[in-house]
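For reference, the structure is listed below as structure tokens.
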Amino acid sequence: MNPQLSTAGRYARVRLRRARGRLRRLKRQILPSNTGHSQLSPTSVGGSTLLLRPPLLGDVDRFAARLLAHTDELAEQHPQPAGRPDRWSQEEALLTWTDRMLAERAEARRGERVVELLLLTAGEALGELVGEVSARIDGGTSSADLTLWVDSRGVGGASSQVVAERGMALFLLHIAASDRPPSRYFGEVPVLAEPAAAGELDRGALLAVLGFHCEGRLIDSRLHRGRPASHDVWVAHDSAEFRRNLQANLDRS
């Protein structure tokens, strides 16, 4: 056996044990800020039930598996470590979840961030992690910037587009029910130079269905999967009509 590979393998195992040890200590020290699902009712998707709830420390293994399997799709929410061209390792995926949980809970306490996981369940207690939706809230301008990831494979007979539409509608209604909801919501959609891959989420169509309109285009001002790309800016204003449209999306069979 190559001694260098053997040493690298031992080093990786040590780092992984340390990561798991850190998680065990955090689980004993930190009580979840919200262990329940959103107050709004779950919605039916393809014969299964779609639930939204805040991330928990106990989600670490499922999150790490998703991050390793969908690194490119999740690059916006979870960019690669600075200066690292190689992909996430398992121990890095475990540690980033822990660090992220602490940071997001601090932001949530300040009213700057809302994050929820999309879980699709057909009777299982935990459900299958199929996506994540978040909003970064600016109280000074009463606006929220949205990000969304949904498993492109689709799960349980439901397409990723349907999961995204229902999940985002439920999420926006959840925010609208808060004490100080944003007056405007923004979403940025990359302008793809090549046709979307089969099963890839059509974000522009998603936002249009939810009541957003395209306000303009930013030319090569953002990165998409590591490369400069133009992005269309979609906006929606909070109103009774906007909320009715979101609820109508959930009510459709």
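Read-outs throughout are calculated quantities, based only on the coordinates presented, and are distinct from any laboratory measurement. Remember, predicted model here, so these are calculated numbers, not experimental data. Using ideal geometry, Cβ is built from the backbone for each residue, glycine included, and neighbour counts are taken over all protein chains shown.
Residue exposure proxy: Glu128, Glu165, ordered by other Cβ atoms within 10 angstrom of their Cβ from fewest to most, comes out as Glu128, Glu165.
Put a dot 7 Å past the Cα of Thr121, heading toward its Cβ, do the same for Glu107, and the two dots end up 2.6 nm apart. Extending 7 Å from the Cα toward the beta-carbon at both Glu128 and Arg227 defines two label points whose distance is 3.1 nm.
The packing ranking, built from the mean of other Cβ atoms within 10 Å per residue, places the peptides 44-53, 167-176 in the order 167-176, 44-53, highest first.
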